[in-house]
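A short worksheet on the structure shown next.
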Amino acid sequence: MFGGILGSFRAVTQQLGSAVAIHSMLGGPQTQALRSMSKIKTHKGAAKRWKALANGLFKRRQTGLRHLNRKLSPSARRGKHAPVLCTKGQKRHLDRLLPY
C-alpha cells in the first residue's frame, strides 16, 4: 500500500542525501530559514558601466565620445577621457544595484 509513496520518498532522499533536506521537505522549522535567505542579484547593466572605488564611491566613463565630436574643441574632447564620479543620489541607487 505504501510502497509507491515510500519508494519515491526514498529516491528523493537519496538524491538529496541529508537529514536536513528530508526535514525541510517534510515542512520542518528550517524551511522558513531557507526560504527567507535569498540572495541579492547584481544588476549586470550597472556592473558593466560602474566600478566601485575604495572610498565607497563609484566611477564610470564619460558619455559623448562616440560620434558627432568634430564640433568639439580638442580640449573638450580630451576632457571627456576623464572618469566621472557618482552623485549622492546615484550612490544610494548603486549601492542597491551593486551589492557585492
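The values are calculated or read from the model by the stated rules, or taken from the named source; none is laboratory data. All values reported here derive from a predicted model rather than from experimental measurement. When we count neighbours, we look across all protein chains shown, and the Cβ atoms used for this are built from the backbone with ideal geometry, even at glycine. Protein only, heavy atoms only, side chains kept; ligands, DNA and RNA dropped before computing areas. Shrake-Rupley method; radii C 1.70, N 1.55, O 1.52, S 1.80 Å.
Give me the pairs, please: first residue somewhere in the range 84-100 and in contact (Cβ under 8 Å) with a residue 24 or more places away in the chain and under 27 Å from Leu65 (Cβ atoms), second residue anywhere and of a type in the set (D, E, K, R) and open to solvent by 50 Å² or more (accessible area, probe 1.4 Å), beta-carbon distance under 7 Å, and either six or more positions apart or on two chains.
Val84/Lys59; Val84/Arg60; Leu85/Lys59
Somewhere in the range 55-73, is a residue surrounded by fewer than 10 Cβ atoms within 10 Å (Cβ to Cβ) and not in a loop (DSSP other than H, G, I, E, B)?
no
Of everything in the range 36-54, what is open to solvent by 50 Å² or more (accessible area, probe 1.4 Å) and outside any loop (DSSP other than H, G, I, E, B)? Give them in sequence order.
Hits for the range 36-54 are Ser36, Lys44, Lys48, Arg49, Lys51, Ala52.
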